[in-house]
Amino acid sequence: MAIDPLPTPPPEAKPGSGNLVPKPSGPNKLFARPDQKFGDFRDDILRDGYAVVKGAVPRARAESYAESMWTYLETFKNGGRGLGFRRDDPPTSPVINEKGMCSGYGVNHEDFAWSIRQEPGVVDAFAQVFDTDDLLVSFDAVNMALPGRKDLPANRPWPHQDQDPARPGFRCLQGIVNLLPNGPDDGGLIVCRGAHLVSEKFHREFAAHEKDPVFRWTPEWYGFSEAGLKWLEGQRDGQGKCEWVKFECEPGDLLVWDSRTPHYNLSPQGDRARFAMYTCYMPAADASQADLVRKKAAFEQTLGTTHWPNAVHVRDHNAPLKRQDGTTCPYSADNSPTRPVRLTERGFKLTGIPYIAAATT
Ligand SMILES: [Fe+2]
């Protein structure tokens, strides 16, 4: 099957040279008005707090990205010879945690990671949501959840929101590009339908008085305790109860959810892996110059971030990548992707670098 190539990379561009001024969100930004109706996936986000954009990436290309991930695991470091990868033998692969996440080694900047971030159908979905083409993208982790792992305890649910309860309202849309067939037993994302609409009420009426809250590693995160989940259970979102829904999707589908929507992921239970790429975008105009400078440094050092595209959190490259047995991966400090990053013109904009004012560089 023919695979459409992505546009060729642009000639080298210099940070700050263009002094590009990002266009801020327009009047059709999601949640900007209470009477919005779009006739597409955006209506699902408004109502449910999440949506599936079917075929955002052409299936053949999604499958080729999954294949690149297998190759990555098989040829990981060791001069490209790999460590003898076997899917049930974690020491032969990079460190992948019980949630399937791999971050470090510059994996966030591998060819497949950037190719997925630059997929037109993915970027355009976020451009529609924010009503601007001038976006930043996160340098988030890759998910390579392997089935049958015996070295890890079972992945326990950690239902959470990914934004600060003290800053309510729609601030962030998170995304995952799914790369392998993902059915009921294949793990993946699970979300609490409609709970974005009761988030503010939850924090005002319940969480503000919570006796035993879950530890928050950053203000931009909130974890639900058992009591918090019970509170949610009793809520109605206009259609019925706020219910937990597991996504089922095909290679190339883009899953998006409002960061206020409680969510977590499940491990594969069968014999199929779950491969996915986290892709989160926000208007470049919403980032400060300090954010952009921090993001540029992360890009140049091929470091990862969390889902926040304005690089709220950047991975500490000195933090060792530990295996489950407590040993440090021998390649923990090697933060170089297999090849230097190649970007399309739009991809370069997504780094935020062209929006850095010349005086700041
Ligand atoms: Fe999350």
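Points to keep in mind about this one:
- log10 of Debye I(q)/I(0), alpha-carbon scatterers only, for region 111-262 at 0.15, 0.16, 0.19 Å⁻¹: -0.95, -1.07, -1.36
- Fewest-first ordering of LYS29, LYS322 by other beta carbons within 10 Å of each residue's beta carbon gives LYS322, LYS29.
- Between GLU250 and ALA358, the C-beta separation translates, for a Förster distance of 45 Å, into a calculated FRET efficiency of about 0.50.
- Order of ASP151, ASP133 under a 10 Å beta carbon neighbour criterion, fewest first: ASP151, ASP133
- One decimal place: the segment LYS241-ASP131 gains 36.5 nm when fully extended, by the rule 0.36 nm per residue minus the C-alpha distance.
- Mean separation of Cα contacts under 8 Å, 6 or more apart, over the residue count of region 41-325: relative contact order %: 32 percent
- Dimensions (Å) - the chain, Cα atoms, principal axes, largest first: 55, 51, 43
- Phi angles of region 215-224 translate, via the Karplus equation with coefficients 6.51, -1.76, 1.60 and θ = phi - 60°, into HN-Hα couplings of 4, 10, 7, 8, x, 7, 7, 9, x, 7 Hz per residue; Gly and Pro are given as x.
- In this structure, ASP334 and ARG167 have a Cβ-Cβ separation that, at R0 = 56 Å, corresponds to a calculated FRET efficiency of about 0.95.
- An ellipsoid equivalent to region 275-361, defined through the eigenvalues of its Cα gyration tensor, has semi-axes of 27, 14, 13 Å when rounded to whole angstrom and sorted largest first.
- Charge dipole of the chain (Cα centre as origin; +1 on each Lys and Arg Cβ, -1 on each Asp and Glu Cβ, all else neutral): 440 debye, rounded to the nearest 20.
- You can think of it this way: the chain between ARG87 and GLN324 has 83.8 nm of extra reach, that is 0.36 nm per residue less the Cα-Cα gap.
- Stretching GLU74 away from GLU345 to a fully extended chain increases their span by 94.5 nm, per 0.36 nm per residue minus the current alpha-carbon distance.
- Remark: spin-label model distance ALA208-ASP271 equals 5.4 nm, labels positioned 7 Å along the Cα→Cβ axis.
- Of all lysines in the structure, the ones whose alpha carbon falls short of 30 Å from that of LYS77, not counting any fewer than 8 places away in one chain, are LYS99, LYS150, LYS295, LYS296, LYS322, LYS349.
- With neighbour counts taken as other beta-carbon atoms within 10 Å, the residues TRP308, TRP114 rank, fewest first, as TRP114, TRP308.
Taken together, the values in this text are just the output of simple stated rules run on the coordinates, not laboratory data. Computed from a predicted model, the values in this text were never measured in an experiment. So basically every Cβ, Gly included, is an ideal-geometry build from the backbone, and we count neighbours across all protein chains shown.
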